[in-house]
């Protein structure tokens, strides 16, 4: 593993499976493509800091009848100092017609259900006990609560405190769903501490 100072340009792309981030890391030893899952926590922009690289390897994918070869770096971690907007040059080096890393990881994943929860539950119609499919004397099973759904989504991070640090080693699809849910719950990402903080009411 090596640690090196550089600039990481992150671009958000809308793909078949939703939004995802890709990055390009510029350092004194070269430029590398970054497609690590941890990028999906960040907003589009150019981040300056120190990067711990655990592996550098060639990678390729086919797109539109072309074979694209890139040098990819895998990150162990990073310490970020500041962020600026993407320049025109950055945008040219970060094309939008790249495959979603979720599709590179294997067969198309089973979508995780949307975690948007209505503010007030819809009223349930009254049912005749005799019309129920449940065995005599048993009530229909209650649907899972918001807490049950969130507990399953966040796993060991649940219950959420005012400040949350996500486990970026979970699978990419789950990490994206966690970021989406935190945003819905009013959390914002602090790129310097790499934690999510609940916004003040």
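Within the range 85-105, can one find any residue that is surrounded by 12 or more Cβ atoms within 10 Å (Cβ to Cβ), in a strand (DSSP E or B), outside the structural domain of residue 187 (by TED's automatic domain parsing) and touching a residue at least 24 places away in the same chain (Cβ under 8 Å)? I'd like the intermediate steps shown before the answer.
Taking the range 85-105 as the starting set, the residues that turn out to be surrounded by 12 or more Cβ atoms within 10 Å (Cβ to Cβ) are 86, 90-91, 93-95, 98-105.
So of that shortlist, the ones also in a strand (DSSP E or B) come out as none.
Checking the range 85-105: not a single residue is surrounded by 12 or more Cβ atoms within 10 Å (Cβ to Cβ), in a strand (DSSP E or B), outside the structural domain of residue 187 (by TED's automatic domain parsing) and touching a residue at least 24 places away in the same chain (Cβ under 8 Å).
Within the range 139-160, take every residue that is out of contact with any strand residue (DSSP E or B) (no Cβ under 9 Å at 6 or more places or on another chain), surrounded by 10 or more Cβ atoms within 10 Å (Cβ to Cβ) and in a loop (DSSP other than H, G, I, E, B) and give me the one that is modelled with the highest pLDDT. Working first, answer last.
Our first condition is that a residue be out of contact with any strand residue (DSSP E or B) (no Cβ under 9 Å at 6 or more places or on another chain); within the range 139-160, this holds for 139-153, 155-156, 158-159.
Now drop any that are not surrounded by 10 or more Cβ atoms within 10 Å (Cβ to Cβ), which leaves 140, 144-153, 155, 158.
Those still in the list that are in a loop (DSSP other than H, G, I, E, B) too: 140, 144-145, 158.
Details: 140: 60, 144: 62, 145: 70, 158: 91.
Step by step, filter the range 139-160, then rank; the result is 158.
Return the only residue of 28, 14 being over 16 Å from residue 192 (Cα atoms), at pLDDT 90 or above and not assigned by TED's automatic domain parsing to the domain that holds residue 172.
On the way: 14 fails: at pLDDT 90 or above.
Selected residue: 28, the only one of 28, 14 that is over 16 Å from residue 192 (Cα atoms), at pLDDT 90 or above and not assigned by TED's automatic domain parsing to the domain that holds residue 172.
Report whether or not residue 51 is within 21 Å of residue 167 (Cα to Cα) and either surrounded by 13 or more Cβ atoms within 10 Å (Cβ to Cβ) or not assigned by TED's automatic domain parsing to the domain that holds residue 100 (or both).
On the way: within 21 Å of residue 167 (Cα to Cα): yes; either surrounded by 13 or more Cβ atoms within 10 Å (Cβ to Cβ) or not assigned by TED's automatic domain parsing to the domain that holds residue 100 (or both): yes.
Judged against the criteria, residue 51 is a match.
Need the failing condition index for residue 6 against (1) surrounded by 15 or more Cβ atoms within 10 Å (Cβ to Cβ); (2) farther than 20 Å from residue 174 by Cβ; (3) without any contact (Cβ under 8 Å) to a residue 40 or more places away in the chain, just the number.
(3)
Hey, any hits in the range 162-173 for a residue that's farther than 20 Å from residue 19 by Cβ and touching a residue at least 40 places away in the same chain (Cβ under 8 Å)?
no
Just one of the numbered conditions (1) under 18 Å from residue 40 (Cβ atoms); (2) at pLDDT below 90 is not true of residue 165; which one?
Among (1) under 18 Å from residue 40 (Cβ atoms); (2) at pLDDT below 90, the lone unmet condition for residue 165 is (2).
I'd like the full set of residues that are assigned to a strand (DSSP E or B) and under 20 Å from residue 79 (Cβ atoms), limited to the range 32-50.
Residues of the range 32-50 that are assigned to a strand (DSSP E or B), as a first pass: 32-34, 45-50.
Result: 32, 34, 45, 46, 47, 48, 49, 50.
Hey, among 45, 23, which residue is surrounded by 15 or more Cβ atoms within 10 Å (Cβ to Cβ) and at positive phi?
Details: 23 fails: at positive phi.
Just one listed residue meets the conditions, 45.
The values are calculated or read from the model by the stated rules, or taken from the named source; none is laboratory data. Since this is a predicted model, take the numbers as computed values, not measurements. For neighbour counting, all protein chains shown are included, and Cβ atoms are generated from backbone atoms with ideal geometry for every residue, glycine included.
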